[in-house]
Protein chains: 2
Amino acid sequence: MISRASFLWAAGLEKMDIDGRRLVDDLRALARIGKVGTGVNRLAFTPDDVAARQWLLARMGAAGLDARIDGLGNVYGQTPGATKAVVIGSHTDTVPKGGWLDGAMGVIYGLEIARAVMESGAEGGVDVVSFADEEGTFLGTLGSRSFVGELREEDLAGAVNGDGEALAASLLAAGYGHEDRAKLDPARHIAYLEGHIEQGPRLEAEGVRIGVVTSIVGMRRMLVVFHGQADHAGTTPMAMRKDAGGRMVDFAHELTGKLGATAGKDTVWNFGRMVFEPGASNVVPQRAELLIEFRDIDMAVIDEMEAVIRTGVAAADGLGGVRTETSVLETSAPAHMDASIGAAIEAAAKAAGAMSLAMPSGAGHDAMHLASHVPSGMLFIPSKGGRSHDTAEDSAEEDIVLGCRVMAGTVARLLGLSE
Amino acid sequence: MISRASFLWAAGLEKMDIDGRRLVDDLRALARIGKVGTGVNRLAFTPDDVAARQWLLARMGAAGLDARIDGLGNVYGQTPGATKAVVIGSHTDTVPKGGWLDGAMGVIYGLEIARAVMESGAEGGVDVVSFADEEGTFLGTLGSRSFVGELREEDLAGAVNGDGEALAASLLAAGYGHEDRAKLDPARHIAYLEGHIEQGPRLEAEGVRIGVVTSIVGMRRMLVVFHGQADHAGTTPMAMRKDAGGRMVDFAHELTGKLGATAGKDTVWNFGRMVFEPGASNVVPQRAELLIEFRDIDMAVIDEMEAVIRTGVAAADGLGGVRTETSVLETSAPAHMDASIGAAIEAAAKAAGAMSLAMPSGAGHDAMHLASHVPSGMLFIPSKGGRSHDTAEDSAEEDIVLGCRVMAGTVARLLGLSE
């Protein structure tokens, strides 16, 4: 139990419980906005994303929260009268043709638990937030970065979506763009909680219904480019080629073994993109590109993976007349969840009769920005087939409800009622 | 010397010579049609390609040839009065942003030699042809296939360009599409000659100015597809992935060694395209595709290369949960040039004071369709830096003129004047 919470006393919180039907109904209602097949399409600041924010604002208002949408599109509702609160949130925007639960579930968990706490008559409160553009249509985790004061003005100014539309113009078109910014309030906020689908196969494979996130992994993306020469693949003898593609194949094969030897037990890496240019059957590839991503909860492992890649690229440089080039495109540090909040989630799961599994989050979440500013915790429920970022994404309704109940129990513990 | 030619007698042919200035001027004039930088853009049946055909028709007419454009866009000019003729040709269409000599040079060689023969007063003649769509904007070597009667009506019906436009409609829009077809005439035509830039680096590297083509290589294109599963690259443990990309890298690496062991000394192969899908850094590749092309003058070698690929794909099937699939996209048989014509080219080169090199053609040419219907020969001149299919393609003017002079000497030999 975190000490700051312990002084709180919230009369009536002991009989606080969530309404599973209301929770699922709200999730289903939200899923109809931007519905595409069994999933949703709510890219940040598109009309469907804006409609979902307006819907959420109305639901917060109906629940009795003091709610508003800030100038970046963050939907933020505070429990009136409370002087201390747990912030619960996630995001309601999606990737193209995404799932109905990724982000949305964590937001509606907040809404439902805020309602339950208010209905219980407790003094401590729950503030609910839907952060803008977590999925990075313009700028990943835009809203949560702003919420903790980590967003730089120059990030905002340069942000464009895949169609080249500027963030600033899209905010204005969506009806946002005003000066107001919802902010984390250290005097009020004692913790941040985020519930999320696992987006992976581990809970399902292990038959456990609640995941307690220990850390959100750090991630690095590197681009390796080989430069050869485009020659006619019929007329240029093999020995006279500068074949960027062939060299890249050999490099990537050798690197696979070296990365495997460097990786820790939970390290993951991916060769997500391999492209040869010009890409014609009868032209020796002039350029080959490999996009590599790797993640770990330990920054030292991430640095070591990068060093292995750089050493391999340097060794390949000049072989077969091919020049090499490498760059880091993106990096993020691991974010560690608060251990006592983790213990509270585990205890709440146990009280709800559920097993839990301590595990890293291999995906990034808004919580990674909150974690260095306020004690934070994340809870996972199983993803069917491990699927996400796809309309096939789904979780069992009983797991959705269980996750919310466990989070409510966690809130009760954080607000100081039960141990 | 081919026997059919030996009975010909052409008075005045002994003093026949080409006009190098006129040849180069015509080539430069043609290069202005569809000019793009130092190259040209004359995709089959575009306005610039049609303008080039009209220009050529006019130049043939001015030279005194009986010239016409047939219903497929073949420009064909016959020497009037001649009962026996050597056909000389190539194509005036280009790849996108192609070079000024690829195809065009062979056509203007024909025009210039036809003029020179007519000016010499010889009886034997030269018929000149610019075949339509050699580069395959709609259907590769369309014109030469039709010329020898190898074009099937169903090939015509289904042909579309990269924008989905039908060949039939494009022919009509170009002003062609009528019933007339220029045809090889066994009673008249004693040989086919094609002059071409090498499109490779060998002549330049060996310091030889004339290449005598022995065979045009056969070619096979195969597509290998690996099917895995798209999973989140952060949340899916390495051991639980079905990584189509990773498996493809290993397969391609192993195949490189096996193809090297199978290849003959002039065999070439190319991994021209490698694509991972969906191609995102944070998604395990669901699908990986490798496009392989290989060429040799010996069909047995080509078949053996295919067998090696099929064996490798079969061995990879199922590894790491990845399914494999392979198919042959395209195949063409080697085409052998006539040995006595080759000897005539070599003799003509020697008479012109030039060394020659017997070599295969690694690229396809219209001559590959002619070769099984009429004794055929091809002559190469050096390509600067081996470049082609690019606006940087170029050859020295003195090599262009030398090649034409050697071909004229070859024609004199074929028409029976000199040995």
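Since every read-out is calculated from the coordinates, none of them should be taken as a lab result. Nothing here was measured: the structure is a model prediction, and the numbers come from that model. Methodologically, a virtual Cβ is constructed for each residue, glycine included, from the backbone with ideal geometry; neighbour enumeration extends over all protein chains shown.
Points worth noting:
- Figure legend: label point modelled 7 angstrom from the Cα of B:HIS227 along Cα→Cβ; residues of the stretch B:321-342 with amide N under 14 Å from it are B:321-327.
- Using a simple spin-label model with pseudo-atoms 7 Å out from Cα toward Cβ, A:VAL36 and A:ASP155 lie 2.6 nm apart.
- Label geometry 7 Å along the beta-carbon vector: B:ALA187 inter-copy distances in nm: 10.9
- A Cβ-based charge dipole, computed about the Cα centre of chain A with Lys and Arg at +1 and Asp and Glu at -1, lands at about 280 debye.
- The stretch B:147-278 shape via C-alpha gyration tensor axes, a/c threshold 1.5: oblate
- Our helix-only sum for the protein assembly as shown, with -39,500 (n - 2.57) per DSSP H run of n ≥ 4 divided by its residues, gives a mean residue ellipticity at 222 nm of -10500 deg cm²/dmol.
- Remark: mean inter-chain Cβ contacts per residue of B:379-388 equal 2, using a 10 Å Cβ-Cβ cutoff to other protein chain atoms.
- Axis proximity, chain A to B: residue whose C-beta lies nearest, plus whole-Å distance: A:HIS253, 2
- Each Cα pair under 8 Å and six or more residues apart adds its sequence gap; the mean of these over the residue count of the stretch B:218-332 is a relative contact order of 46 percent.
- Comparing Cα centroids, the stretch B:129-160 and the stretch A:244-270 end up 46 angstrom apart.
- Sequence-ordered 3J(HN,Hα) estimates for the stretch A:367-372 from the Karplus curve with 6.51, -1.76 and 1.60 and θ = phi - 60° stand at 4, 5, 7, 5, 4, 8 Hz, glycine and proline given as x.
- In nanometres and ascending order, the distances from the A:ALA314 label point to those of the other copies are 4.5 (point 7 Å from Cα along Cα→Cβ).
- Most mobile of A:MET407, A:MET274, A:MET105 in a GNM of chain A (Cα contacts under 10 Å): A:MET274
- Mean separation of Cα pairs under 8 Å and 6 or more residues apart, divided by the residue count, gives chain B a relative contact order of 23 percent.
- Each residue of the stretch B:83-96 was assigned a 3J(HN,Hα) from its phi angle through the Karplus curve 6.51 cos²θ - 1.76 cosθ + 1.60 (θ = phi - 60°); the sequence is 9, 10, 8, 8, 8, 10, x, 5, 9, 10, 7, 9, 6, x Hz, with glycine and proline shown as x.
- Over 26 Å [Cα-Cα, the stretch A:218-332], rounded percent: 23
- For the residues A:GLY140, A:GLY125, A:GLY234, a GNM of chain A with alpha-carbon springs under 10 Å puts the largest fluctuation on A:GLY234.
- The mean number of partner chain beta-carbon atoms within 10 angstrom of a residue's beta-carbon across peptide A:278-288 is 5.
- Cβ-placed point charges (K, R +1; D, E -1), dipole of the protein assembly as shown about Cα centre in debye, nearest 20: 200
- Gaussian network model of chain B, Cα within-10 Å springs - most flexible of B:GLY364, B:GLY409, B:GLY279: B:GLY279
- Gain on full stretching of the segment that runs from B:THR256 to B:GLN54 - 0.36 nm per residue minus C-alpha separation: 68.0 nm
- Placing a label point 7 Å from the Cα of A:PRO47 along the Cα-to-Cβ direction, the distances to the matching points in the other copies come to 3.8 nm, shortest first.
- Within straight-line reach of A:LYS84, meaning a Cα separation under 21 Å, sit the following lysines at least 8 residues removed in sequence or on another chain: A:LYS15, A:LYS183.
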